[in-house]
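Below is one structure, written out as structure tokens, with a few remarks after it.
Values quoted throughout were computed directly from the atomic coordinates according to the rules given, and no laboratory measurement underlies them. Quick caveat: nothing in here was measured; it's all calculated off a predicted structure. Here the Cβ is made from the backbone with ideal geometry for all residues, glycine too, and neighbour counts use every protein chain on show.
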Amino acid sequence: MSQNRSLLFHGLGLTLRRFPALLWAFVFNLVYAAFATSRIAMDIGHVTDTSLAAAPLSHGFDLSTLAGLLGKLSVGPGLSPSVAPSLPLYLATYFLLVPGTLLCYQTGASARLSTLLQAGLLHFWRFVRITLLAVIVSGLVLGPLVALQMRWADHVDAHVVGLSAFLHDLAGILVIALVAAVLRLYFDLVEVYTVQLGLQTRPNGKPDRRVRKTLLPALRALRKNFWRAYITFVSLAVLGLAAIFFTARVAMHSLGQPRVWPMFLLAQMGLFLMLATRFWQRGAETTLSLDFPIVEAEAPYSGPSFVTRSPLMVPPEPDAILHHARVTDPIPAPEPASPSLAEPDPGVYHPEVPPQTPPEDVS
């Protein structure tokens, strides 16, 4: 039977219990970001090395100085050549770490890097297909909304000015963001149910890799729990954006300070908190999938169901270790029969004694 556990708190518990998955994702993101922006960081350092260029940034955020800095950077060779390979590496890491994280959330396996990568390799192409489907559906849904927003913005610019114009434009953007959040939540559930379905084996003994079988269960789960799932998802998204906004604001106000490591740590703290809220969302979605599993979503409940699971993906439990039983031979080895007469020792020479005949009677 389905349960209704708290998506917020139970999802937080899943995230904290599998905290190494979050740390690995942060480490990979940090390495890729450093690899992609190393050239830009050197160019910014060359411009702000002089006190004259860094003075307006030492005590506050100067938009004109920042614009001049961007102008100087645009004169150079452009973006770092390491940006191009960083994007495919980031996407590949996403397709590897996210399935492993969802698997650890659902099965309770330890979030070791080997476990994350193994699960990622098994689900790699399934998540690629889900991403392509999400891009197509998002384009069909959000494309007309973006076109309407552009026409709405032109109308506002022609008839409204000042703060009211800004609020009108913000309302249109907010509507698009809320619709995009619904789509993102749905396809997140599709990914969660895809991992859950992969734990089951088909009659041929192979894991179930059919992504299409997860579309309807994800839609049903979202329809039955729309408001609590949507409010949890949006709240965590706002929390992550707020964390990155405040830390970035403080870091930008300290852009010209002689010691850059406090600004670096502050900015990385904001990015880590934003990534943590994203993993928290994954934990909440996993809680929803555990309360409404895909087996119950496909068929009505009819007593306890016994689902065959893939032995490769389910971690062994300590109490489930099989001990080899001693097998009894159905045909025991025959015991040697004891001789009726004493047998001579083969190591001692025994001369042959002719048999004695009884004496003949001469009378």
Taking 41 Å as R0, compute the FRET efficiency from the Cβ-Cβ separation of LEU148 and GLN200 and round it to 0.05. 0.45
Report the semi-axes of the equivalent ellipsoid for the range 168-237 in whole Å, largest first, where each axis is √(5λ) for an eigenvalue λ of the Cα gyration tensor. 32, 11, 9
Overall dimensions of the range 82-192 as given by Cα atoms, namely Rg and Dmax in Å: 19.5, 59
How are the Cα pair distances of the range 188-290 distributed, in percent, across 5 Å bins from 0? 2, 12, 16, 14, 12, 10, 9, 8, 7, 5, 3, 1, 0, 0
Amide H of GLN200 versus every other amide H placed in the peptide plane: which residues, excluding those fewer than 5 positions away on the same chain, fall under 5 Å? ASP208, SER310
What length, rounded to one decimal in nm, is gained on full extension from ALA177 through to THR37, with 0.36 nm per residue of separation minus their alpha-carbon distance? 47.6 nm
Cα-based Rg and Dmax for the range 145-190, in Å, come out at 13.4, 43
For the range 108-147, what number results from the quotient of the Cα radius of gyration and 2.2 N^0.38 Å? 1.76
Take the Cβ-Cβ distance between PHE245 and LEU170 as r, set R0 to 22 Å, and report the resulting FRET efficiency rounded to the nearest 0.05. 0.90
Suppose the chain between TYR90 and ILE136 were pulled fully straight at 0.36 nm per residue; how much longer would it get relative to their current alpha carbon spacing? 14.5 nm
